[in-house]
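Worksheet: one structure, shown below.
The values are calculated or read from the model by the stated rules, or taken from the named source; none is laboratory data. As the structure is a prediction and not an experimental result, all values here were calculated from the model. Here the Cβ positions follow ideal geometry from the backbone for every residue, glycine too, while neighbour counts run over all protein chains shown. Keep in mind that these areas ignore ligands, DNA and RNA; they rest on the heavy atoms of the full protein, side chains included. Shrake-Rupley method; radii C 1.70, N 1.55, O 1.52, S 1.80 Å.
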Amino acid sequence: MAILPILEAPDPRLRTISTPVEAIDDELQTLIDDMFETMYEAPGIGLAAIQVGVPKRILVIDLQERESDEEDAPVVRNPMVFINPQILEGSEQLSIYNEGCLSVPEQYAEVERPATIRASWMDREGRIHEQTLDGLLATCLQHEMDHLEGILFIDHLSRLKREMVLKKLQKARRAA
Ligand code: GNR
Ligand code: NI
């Protein structure tokens with residue numbers, strides 16, 4: 001297991017269009033394990049392979065939600081792997097979420113996306129899934145799938161807002 005370095009904007013590698021996975025082999029299993037370790041350590045709720053420099057259509061997601069609404073309730077892990085995911089349908093109804101991205105660290109902005117999606121994907125055993133997703137999982141999967149096309153959440157903002165976020169990111173870096 002290894003924690004991999006996460007690429008950050010404006011790294012041009014984040015603009016790569018990732019290619020489909022052809023075979024699920026040991027090398028891929030190791031990459032998936034490393035992606036989970038990297039995501040949990042960051043910490044984040046999702047990670048696309050391109051964020052660690054691998055242009056393949058692989059995502060890991062774990063919303064790490066609390067068992068109850070109590071502030072100190074234990075967090076439950078529910079690791080999900082999405083290989084070659086597809087969105088088959090998106091609802092007309094949209095939902096707004098204050099999104100962040102490990103590749104745009106500590107910057108947040110509201111993004112509007114379909115509230116419910118029908119998606120298909122392969123898991124790490126190569127089993128095919130097709131499910132209707134909503135809530136944070138639907139938002140997160142759409143955010144991760146954008147990474148596969150070289151798209152960042154800031155691309156959904158107005159040019160003015162996007163440039164403000166990128167400026168703040170540069171400023172935070174200079175201060176670090
Ligand atoms: O950790 C993350 N949080 C998050 C919050 C709202 C919407 C999307 C996300 S994904 C992000 C991790 C990340 O950058 N994945 O690509
Ligand atoms: Ni992201």
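I need a count of the residues in the range 31-53 that are more than 12 Å from the chain's Cα centre (by Cα), aliphatic (A, V, I, L, M) and open to solvent by 40 Å² or more (accessible area, probe 1.4 Å).
The qualifying residues number 1.
Return the residues of the range 73-127 that are under 15 Å from G46 (Cβ atoms), in contact with a Lys or Arg (Cβ under 8 Å, 6 or more places away or on another chain) and hydroxyl-bearing (S, T, Y); say none if nothing qualifies.
Once the filter is applied, which keeps residues that are under 15 Å from G46 (Cβ atoms), in contact with a Lys or Arg (Cβ under 8 Å, 6 or more places away or on another chain) and hydroxyl-bearing (S, T, Y), the range 73-127 yields only Y97.
Would you check if there is a residue in the range 82-99 being away from ligand 1 (no atom under 14 Å from the Cβ), surrounded by 13 or more Cβ atoms within 10 Å (Cβ to Cβ) and β-branched (V, I, T)?
Yes.
Test L137 against the stated conditions and say whether it is open to solvent by less than 60 Å² (accessible area, probe 1.4 Å), at pLDDT 95 or above, away from ligand 2 (no atom under 14 Å from the Cβ) and in a helix (DSSP H, G or I).
Numbers: open to solvent by less than 60 Å² (accessible area, probe 1.4 Å): yes; at pLDDT 95 or above: yes; away from ligand 2 (no atom under 14 Å from the Cβ): yes; in a helix (DSSP H, G or I): yes.
Yes; evaluated as a whole, the condition is true for this residue.
Would you mind stating whether E70 is farther than 21 Å from G100 by Cβ, open to solvent by 60 Å² or more (accessible area, probe 1.4 Å) and either within 16 Å of ligand 2 (Cβ to nearest atom) or not in a strand (DSSP E or B) (or both)? Give the derivation first.
On the way: farther than 21 Å from G100 by Cβ: yes; open to solvent by 60 Å² or more (accessible area, probe 1.4 Å): yes; either within 16 Å of ligand 2 (Cβ to nearest atom) or not in a strand (DSSP E or B) (or both): yes.
Answer is yes for this residue.
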